[in-house]
Amino acid sequence: MMKLRELRGVAAIATTLALSACATHTEPWRGIAPGAALAELKAGNERFLDGDARTHDWLHERIHETGTEGQVPSIGVLTCADSRTPPELIFDQGIGSLFVVRIAGNSQSDVAIGTFEYGIAALGVHTIVVLGHTKCGAVAAAVAGKPLPGMMTAFVAAITPALAGLPKGADGAPSTSEAEIANCRWQAAQLTARSEILAMAKASGELTILCAIYDVETGEVRFLE
Ligand SMILES: [Zn+2]
């Protein structure tokens, strides 16, 4: 089995072909330390809630800090495509902080997992947040269990297994809010169940996976146990 360090060597070669990574990590503004990730995300969401978001010098962040010197995105986020769930705003982060995959129902897939494998092996991602949200249409579609046209079947199929075992109401379906939480946990579990690289990183303590639900009405992020 290939070790994580060896994978990083392979991924570094891949880096030259596609995404840009930063080999140096010396500036204090670069990256968030593993032990500080959860506190930073909570603090950022509080700033967002309070209407006290940081003032960003976008030109400097884009050109000088990340465009020229490369990215060091410490925290990966798997969240929904829903227009109300932009993680950079919700967690009050700038350019280059978050490595984000957005797809209906914050559902994992081969491509999503491969993206995070790359983030860990080549870019220094040490934390992944699976961020579900209230009023999720994709989860509601899976709860309804009615067939959708076209390739929308793909995200419904990715969410449906998460609902197994949930208590059902009088209408024969689980509550949407319970389904959103169950889906968040299930998608998170799939990351390591399906990826040897993510499982290895988590087992060695180099990766932390968190689950959270974003309330689209209040703006609050609630981290799950
Ligand atoms: Zn959604």
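The values are calculated or read from the model by the stated rules, or taken from the named source; none is laboratory data. The structure displayed is predicted, hence computed values, not measured ones. Cβ: placed from backbone, ideal geometry, glycine included. Neighbour counts: every protein chain shown.
For segment 179-202, the condition of being more than 21 Å from the chain's Cα centre (by Cα), of a type in the set (A, V, I, L, M, F, W, C) and within 17 Å of LEU224 (Cβ to Cβ) holds for none of the residues. For segment 74-108, the set of residues classified as within 28 Å of PRO161 (Cβ to Cβ), crowded, with 24+ Cβ neighbours inside 10 Å and hydroxyl-bearing (Ser, Thr, Tyr) consists of THR79, SER107, listed by residue number. Quick check, is THR176 in contact (Cβ under 8 Å) with a residue 24 or more places away in the chain, surrounded by fewer than 21 Cβ atoms within 10 Å (Cβ to Cβ) and in contact with a strand residue (DSSP E or B) (Cβ under 7 Å, 6 or more places away or on another chain)? No: the conditions fail for THR176.
Taking the conditions (1) touching a Ser or Thr at 6+ places or on another chain (Cβ under 9 Å); (2) under 24 Å from LEU191 (Cα atoms); (3) at pLDDT 95 or above in turn, SER74 satisfies each one other than (3). Among the residues of segment 33-85, those that are of a type in the set (Val, Ile, Thr) and either within 23 Å of GLY124 (Cα to Cα) or in contact with a helix residue (DSSP H, G or I) (Cβ under 9 Å, 6 or more places away or on another chain) (or both) comprise ILE63, THR66, THR68, VAL72, ILE75, VAL77, THR79, THR85. At least 3 residues being farther than 23 Å from ILE113 by Cα and not aromatic (Phe, Trp, Tyr) is the threshold, and among the helices (runs of 4 or more DSSP H) wholly inside segment 136-213 those reaching it are 137-144, 176-194.
The selection criterion, being more than 16 Å from the ligand (Cβ to nearest atom), more than 19 Å from GLU46 (Cα to Cα), out of contact with any strand residue (DSSP E or B) (no Cβ under 8 Å at 6 or more places or on another chain) and touching a residue at least 24 places away in the same chain (Cβ under 8 Å), holds for GLY145. So, of the residues in segment 77-91 that are within 12 Å of the ligand (Cβ to nearest atom) and not basic (Lys, Arg), which turns out to be farthest from the chain's Cα centre (by Cα)? So the residue we want is SER83.
In the set (1) within 18 Å of the chain's Cα centre (by Cα); (2) of a type in the set (S, T, N, Q); (3) exposed (fewer than 14 other Cβ atoms within 10 Å of the Cβ); (4) more than 16 Å from the ligand (Cβ to nearest atom), the condition left unmet by GLN71 is number (3). Residues that are farther than 21 Å from ALA182 by Cα, away from the ligand (no atom under 16 Å from the Cβ) and in contact with a Cys (Cβ under 9 Å, 6 or more places away or on another chain) are absent from segment 99-122.
In segment 133-141, the condition of being modelled with pLDDT under 95, surrounded by fewer than 19 Cβ atoms within 10 Å (Cβ to Cβ) and within 16 Å of the ligand (Cβ to nearest atom) is met by no residue.
Pairing each residue of segment 209-222 that is within 19 Å of GLY76 (Cα to Cα) with any residue that is modelled with pLDDT under 95 and surrounded by fewer than 14 Cβ atoms within 10 Å (Cβ to Cβ), provided the two are 6+ apart or on different chains, yields C-beta distances under 9 Å for CYS211/GLU225.
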